[in-house]
2 protein chains.
Amino acid sequence: MKASFAITPQYVKAACSQCNLRELCLPFGLAEHEVDRLDELVGARRKVKRQAQLYRAGDPFEAIYAIRTGSFKTDVLLEDGREQVTGFQMTGEILGLDGISAENHSCNATALEDSEVCVIPFARLEELSREVESLQHQFHKVMSREIVRDHGVMMLLGSMRAEERLAAFLLNMSQRFMARGFSAAEFHLRMTRDEIGSYLGLKLETVSRAFSKFQDEGFVSVQQKHIRILDIDGLKQLLGRCARN
Amino acid sequence: MKASFAITPQYVKAACSQCNLRELCLPFGLAEHEVDRLDELVGARRKVKRQAQLYRAGDPFEAIYAIRTGSFKTDVLLEDGREQVTGFQMTGEILGLDGISAENHSCNATALEDSEVCVIPFARLEELSREVESLQHQFHKVMSREIVRDHGVMMLLGSMRAEERLAAFLLNMSQRFMARGFSAAEFHLRMTRDEIGSYLGLKLETVSRAFSKFQDEGFVSVQQKHIRILDIDGLKQLLGRCARN
DNA sequence: TCAGCTCTTTGATCCACGTCAACCCCTTTG
DNA sequence: CAAAGGGGTTGACGTGGATCAAAGAGCTGA
């Protein structure tokens, strides 16, 4: 279905304007005729298979990417091979902003499931955003949001204990699924315990134990990657107390 | 001296074009006549006394700030009062980018010493960067650099042990002092052990002990806030080994 | 359908860093 | 110059989460 869409000209033409992710993505706040102009430069689309990389650290930077379907993780690697996951990205979110500063990417972006992204050539985006004020502003907001998000992760890594981190993670995922029209209470995590652990600055065993504890206490029901949140307020309260630093 | 400069019209006119920080700041990469246009909108300057706040979380966002003299820390606060320092900023660096996304600031910016910033009204910056391509691009680079920096901090907080974190911090400070024409080997830290600890996700005692250890091992000489780096390669090697996650 | 994966869970043990507490050194102020 | 207070250092001790180990549970592919 997706494939047949992808090759029909109407679909290409109507990319952003018909996309149900526009509220979350670059077209947010644009007038209809402005979205049409954005469509023109977002022609190309790219499929990325599960475990394949959209880009790697060091790759030359040419475009940013909007996730149309699927999800990704981004990570940076130390010389000794250890990995730090810097984020998980869902549909409508923008990948590749790290590449602007040095003109090549500084992290790796890996698909967590078979995914598809809209390729947005950066030079053309800058060009268009010089003409379209609302696009310029929305793009700045997207970048700024990434900075704010990163500060939240620092808070998490620097000041919270293991169970708080996982609670914050689950609440964040829940809220993002909800924003995309999915259930806030029940969802599939596409990443492994190891990847969650890397993101949260914990070992996978600690993540697993925290999940078990939450389940024992009746906050969530966990079956492998399938999560059901049973007591969202309980999780929120868990967050409130117990800072470490 | 600074005060007398600040009120002379030439000085206001020549702000960016004569500023020795242009290489590090927004004017980087602009042609001379473009810098002149930037000067026009960077008229206002603001002094911030040590310990005073340039802005607070929740303040309406109207401008970003370039640090002319002095230094700052930014932090976010949890409801329970615990603080996470998200960064230390030096001359030429830009403060306030977090405010763009929600139209109000999401963190606090506090001067670590008596400081002065250039106020850059954001609406006018967006306006000008629609006209001046090189300014637009440099601004995007500045935002992107902040994102890359944040990823580095995540790496630090999520994957490094205490001594590695402090070593990374010292090397980073050293490099930034050097970029500003100061000694890379000898400098004054403007922040307390507690603030360093908050930034690095450690308690102040742990920071203090790590300083002592580095001193015992001959890597640095530490006298309160005065640091002399004696063996920069030793510090770098310390970074290479010993990841935790 | 089975073999060989990878991912997850759980238990036992260890240790890096947090916590608590005492003391020291500067700096500031009257 | 004395007193007060804010940093900073150091020691003793406790603990949250890492580490090591083993077994179970789901996929994947022949």
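The values are calculated or read from the model by the stated rules, or taken from the named source; none is laboratory data. Nothing here was measured: the structure is a model prediction, and the numbers come from that model. Every residue, glycine as well, gets a Cβ built from its backbone with ideal geometry; the counts of neighbours run over all protein chains shown. Only protein heavy atoms, including side chains, enter the accessible area calculation; ligands, DNA and RNA are left aside. Shrake-Rupley method; radii C 1.70, N 1.55, O 1.52, S 1.80 Å.
General remarks:
- Excluding ligands, DNA and RNA and using a 1.4 Å probe, chains B and A jointly bury around 4700 Å² of accessible surface, summed across both partners.
- Counting only DSSP H runs of at least 4 residues, each contributing -39500 (n - 2.57), and dividing by the residue count of the protein assembly as shown, the helix-based mean residue ellipticity at 222 nm comes to -14000 deg cm²/dmol.
- Hypothetical label at A:SER183: residues of segment A:209-237 whose amide nitrogen lies under 16 Å (7 Å Cα-Cβ projection): A:219-232
- Pairs over the 32 Å Cα-Cα cut-off, from the set A:LYS213/B:LYS236; A:LYS225/B:LYS213; B:LYS141/B:LYS236; A:LYS203/B:LYS225: A:LYS213/B:LYS236; A:LYS225/B:LYS213; A:LYS203/B:LYS225.
- Ordering of A:190-196, B:179-185 by packing is A:190-196, B:179-185, highest average first (other Cβ atoms within 10 Å, averaged per residue).
- Accessible surface computed residue by residue for chain B, with neighbouring protein chains in place and a 1.4 Å probe, gives 44 Å² per residue.
- Rg/Rh (Cα only; Kirkwood hydrodynamic radius) as it applies to chain A: 0.98
- Cα gyration tensor category, rounded, prolate or oblate, for segment A:160-240 with a/c compared to 1.5: rounded
- Crossing angle, helix A:162-179 versus chain A [Cα axis fit, 0-90 degrees, rounded to tens]: 40 degrees
- Against the main long axis of the alpha-carbon atoms of chain A, helix A:204-216 sits at an angle near 70°.
- Nm distances between copies for B:GLY58, ranked from closest, using label points 7 Å along Cα→Cβ: 4.8
- Spatial extent of the protein assembly as shown: Rg and Dmax, with the Cα atoms as the point set, Å: 23.1, 70
- For segment A:143-148, backbone phi angles converted through the Karplus equation (6.51, -1.76, 1.60; θ = phi - 60°) give residue-by-residue couplings of 5, 5, 4, 4, 5, 5 Hz, Gly and Pro being listed as x.
- Just the protein heavy atoms count here, and of the accessible area of chain B at 1.4 Å, carbon and sulfur take up 51 percent.
- Shortest-first nm distances, B:LEU77 label point to equivalent points in other copies (7 Å, Cα→Cβ): 4.3
- FRET E, pair B:GLN18, A:GLN237, Förster distance 60 Å, beta-carbon r, rounded to 0.05: 0.60
- Compactness ratio for segment B:2-137: Cα radius of gyration over 2.2 N^0.38 Å (N = residue count) comes to 1.06.
- Taking a point 7 Å from the Cα of A:LYS203 along the Cα-to-Cβ direction, the residues of segment B:152-196 with backbone N closer than 20 Å to it are B:155-165.
- Angle in degrees between helix B:122-131 and the longest Cα principal axis of chain B, rounded to the nearest 10: 70 degrees
- Alpha-carbon centroid distance for the pair segment A:42-107 / segment A:173-245, whole angstrom: 24 Å
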